[in-house]
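Note sheet for the following structure.
A short reminder: the numbers here are calculations on the coordinates, not readings from a lab. Remember, it's a predicted structure, so these values are computed and weren't measured experimentally. No Cβ is skipped: glycine too gets one built from the backbone with ideal geometry, and neighbour counts run over all protein chains shown.
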Amino acid sequence: MRFPAEPFRIKVVEPLRRVSREEREQAIREAGLNIFAVAADTIYVDLLTDSGTSAMSDSQWAGLMMGDESYAGSRNFFHFRDAVRDIFGFEHVIPTHQGRVAENLLFSTILKPGHVVPSNIHFDTTRANIEHQGAEAADLVIDEGLDPNALHSFKGNLDPAKLDRLLTERGVDKVPLVMITVTNNSGGGQPVAMANVRAVREVCKKHGVPLFFDACRFAENCYFIQQRESGYANKSVAEIARELFSHGDGCTMSAKKDGLVNMGGFIALNDAEWTQRLTNLLILIEGFPTYGGLAGRDLEAIARGLREVLNEDYLAFRIGQVAQLGELLMHAGVPIVRPVGGHAVYIDARRFLPHVPQERFPGQALVVELYREFGIRAVEVGSLMFGHKDANGKDVFPQLDLVRLAIPRRVYTTEHMRYVADSCIQLFRDRDRLKGLRITYEAPMLRHFTARLEEVTEEPVAR
Ligand code: P70
């Protein structure tokens, strides 16, 4: 497929050291076959995450020099607040140092044990912050959103009928807000349609419940609306964003994604009373309301990044680059989740390694081999990340074992992507030699970050 070439040129370069296969072999062994424990310096193409890994523009770097580090009333706060107000349309803007703090502030202010918060699919940190309050996180994505092969233009949509049922059954007193994650990261970076947001809004209105967005990848979502939803082809992405957020009462945001910065986040909302309560807690845990855990220069970089991310030449390149990686893999028969989402390509590890059963972590086996052979870092989103033992000590596995190739923004060239595609294709041809893994150490929670594993040499038990 063709897509617009990079709408930027390179002014500063960060050299990449190519290390030998032997060096990588040693590094991954010492890391206990856990990619999180490998030194980033030994990686050639790092696709662990698109979060906090963007390249800033010359304007953003220049903005850093304009940082006003006054404790209160920094000029950069006003630039930041005005950018958020212009783009999202919410009145009150509360800076935080990253997305999960915005979530923590919001949920610890308004949630009580027994509450339930519906979303299309909550991102892990969002779910964890809800559960931390003794509340329940309910995922109500449309059925197609859970099927890796269902071709649907807006697989991130929240099912309004499921939402209506939940609100009727639980009662509005138990549901202080509804959320929509754009794009739906946990479902593969799939977009949500404007029509769906309107339908969800109607259900919320009927029951009198506020609607919030997890806005991390809002520009990518709005670009998909422009490209795919009827009635939006002639609207700018900025106009679409304004319309999208006009249906909500507020949002949480990790600016590490579509803010095009390496650190930062915020909450934006219209309700003055909630703002007051959130601000009181902000001062306790993050800082004064005009900096919220960030330096003045960081606020300036976010203000500029939020405006830049709406540039449509950038978005056409960005979405095209990710889509092209997906197409190269698909054409070679590598099983991936379809359609390709906004920020990442997901490989279906169970179909890639059908001879490795789920209890032998096919996704992680693939991640280890991509690093060992090619110096590429991906992340497992499957049995290692989500598997756990039930009350009887029996293993419970998720439906899907995926490997995510998340693409940092404005960082890698098209040739890097071709290298990634060629490497995955070569590995696919050699897949029969890959072995399953077994855990030798695991922590009681969030085990994937610190687990240690080893290769299993004997034949896996037949199931
Ligand atoms: C990712 C990172 C972060 C995130 C998100 C959504 C929809 C909130 C947050 C939290 C996390 C990650 C995963 C694997 C490896 C490295 C990092 N997503 N909502 O890559 O924001 O990180 O700023 O607290 O996607 O998907 P923050």
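Legend: calculated FRET efficiency, Ala161 to Glu131, from the Cβ-Cβ distance at R0 = 25 Å, rounded to 0.05, equals 0.50. If you line up the long axis of helix 194-207 against the longest principal axis of the chain, both from Cα atoms, how many degrees apart are they, to the nearest 10? So the inclination is approximately 60 degrees. Put simply, the convex hull of the Cα atoms in the stretch 1-72 casts, on average, a shadow of 9.0 nm². Give the shape of the stretch 241-312 as rounded, prolate or oblate, defined through the alpha-carbon gyration tensor: a ≥ b ≥ c are the square roots of its eigenvalues, a/c under 1.5 means rounded, and otherwise the shape is prolate if a/b is larger than b/c and oblate if not. Because a/c hits 1.5 or more and a/b fails to exceed b/c, the stretch 241-312 counts as oblate. Residues Asp139, Asp147, arranged from fewest to most other Cβ atoms within 10 angstrom of their Cβ, appear as Asp147, Asp139.
Taking Cα centre as origin and charging only the Cβ of basic (Lys, Arg, +1) and acidic (Asp, Glu, -1) residues, the dipole magnitude of the stretch 58-308 rounds to 180 debye.
Taking label points 7 Å from Cα along the Cα-to-Cβ direction, Arg75 and Arg17 give a separation of 4.1 nm.
Judged by the gyration tensor of its Cα atoms, with axes a ≥ b ≥ c, the stretch 58-308 is oblate; a/c meets the 1.5 cut and b/c is at least as large as a/b.
Across all directions, the shadow cast by the convex hull of the stretch 51-170 built on its C-alpha atoms averages 10.9 square nanometres.
Compared with the alpha-carbon gap, the fully stretched path from Trp61 to Val411 is longer by 124.5 nm at 0.36 nm per residue.
Taking the longest Cα principal axis of the chain as reference, the axis of helix 21-30 is set at about 70 degrees.
Axis of helix 296-308 versus longest Cα principal axis of the chain: the two differ by about 80°, to the nearest ten degrees.
With the cut-off at under 18 Å, measuring from each backbone N in the stretch 357-374 to a point 7 Å along the Cα-to-Cβ line of Arg433 picks out 365-374.
Here's the picture: charge each Lys and Arg Cβ at +1 and each Asp and Glu Cβ at -1 in the chain, and of Ala391, Pro176, Leu437 the one pushed furthest to the positive end of that dipole is Leu437. Counting only DSSP beta bridges whose two residues both lie in the chain, roughly 70 percent are antiparallel. Centre-to-centre, using Cα atoms only, the stretch 20-72 and the stretch 214-271 are separated by 25 Å. Average projection, convex hull of the Cα set of the stretch 257-366: 11.0 square nanometres. When Rg and the Kirkwood Rh are both derived from Cα coordinates, the Rg/Rh ratio for the chain amounts to 0.96.
Of the residues Ile240, Ile267, the one with the fewest other Cβ atoms within 10 Å heads the list, and the complete ranking is Ile240, Ile267. What does the net charge come to around Glu273 if you take all other residues with beta carbon closer than 13 Å to its beta carbon, with K and R at +1 and D and E at -1? Its environment carries a net charge of -2. Here the extension length gained between Asn280 and Arg198 equals 26.3 nm, from 0.36 nm per residue of separation less the Cα-Cα distance. Anything over 25 Å Cα to Cα? Flag those among Lys155/Lys235; Lys112/Lys206; Lys235/Lys257; Lys205/Lys256, in the order listed. Violating the 25 Å Cα-Cα cut-off are Lys205/Lys256. Projected label points at Glu312 and Glu327, each 7 Å from Cα along the beta carbon direction, are separated by 2.0 nanometres. Working from the Cα coordinates of the stretch 331-463, the gyration tensor eigenvalues give, after taking √(5λ), semi-axes of 26, 17, 14 Å in decreasing order. Were the residues from Arg228 through Val456 laid out at 0.36 nm apart, the gain over their Cα-Cα distance would be 77.5 nm. Within the stretch 33-106, all pairs of alpha-carbon atoms sorted by distance into 5 Å bins from zero give the percentages 3, 10, 13, 18, 20, 13, 9, 9, 3, 1.
Label the stretch 206-278 by shape, choosing from rounded, prolate and oblate, from the square roots a ≥ b ≥ c of the eigenvalues of the Cα gyration tensor; if a/c is under 1.5 it is rounded, and otherwise prolate applies when a/b is larger than b/c, oblate when it is not. In terms of gyration-tensor shape, oblate.
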